[in-house]
Amino acid sequence: MPYRQRPRLREEIRSLMRAINGATAKPTQPQMSRLTQLKAEVREAFNAMNQIIASDIKEINERTKNVPQISVGSK
């Protein structure tokens, strides 16, 4: 996922949400189509994130599980 994709996706969702929420009429067909496209993009981004967590992060956690951890604060 390119660096600029996540902020772009977030901003497009916000923009569409403002356009739909700010209108008194029901959402237009182009807005509904874009909503469908954005849902697919969010699903792809979510799957990519889960793949990173399942592979890269899991590997990092395995490699560092015996490294002493320092906790700051009280709990």
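The values are calculated or read from the model by the stated rules, or taken from the named source; none is laboratory data. These numbers come from a predicted model, not from an experiment. Cβ atoms come from the backbone with ideal geometry, glycine included; neighbour counts cover every protein chain shown.
How many of the residues in the stretch 56-75 are surrounded by 10 or more Cβ atoms within 10 Å (Cβ to Cβ) and of a type in the set (A, V, I, L, M)?
2
Given the criteria farther than 18 Å from residue 9 by Cβ and of a type in the set (Ser, Thr, Tyr), does residue 33 qualify? Explain how you work it out, then say what you get.
Values: farther than 18 Å from residue 9 by Cβ: no; of a type in the set (Ser, Thr, Tyr): yes.
Considered against the rule, which asks whether it is farther than 18 Å from residue 9 by Cβ and of a type in the set (Ser, Thr, Tyr), residue 33 comes out as no.
Restricting to the stretch 28-75, name every residue that is assigned to a loop (DSSP other than H, G, I, E, B) and under 26 Å from the mean Cα position of the chain (by Cα).
If the condition is that a residue be assigned to a loop (DSSP other than H, G, I, E, B) and under 26 Å from the mean Cα position of the chain (by Cα), then 28 is the only one that fits.
Which residue pairs have Cβ atoms closer than 8 Å, lie 6 or more positions apart in sequence or on different chains, and pair a first residue in the stretch 36-55 that is within 16 Å of residue 8 (Cα to Cα) with a second residue that is charged (D, E, K, R)?
Filtered contacts from the stretch 36-55: 38/12; 45/6.
As an exercise: evaluate residue 25 against (1) assigned to a helix (DSSP H, G or I); (2) at pLDDT 90 or above and give the number of the one condition it does not meet.
(1)
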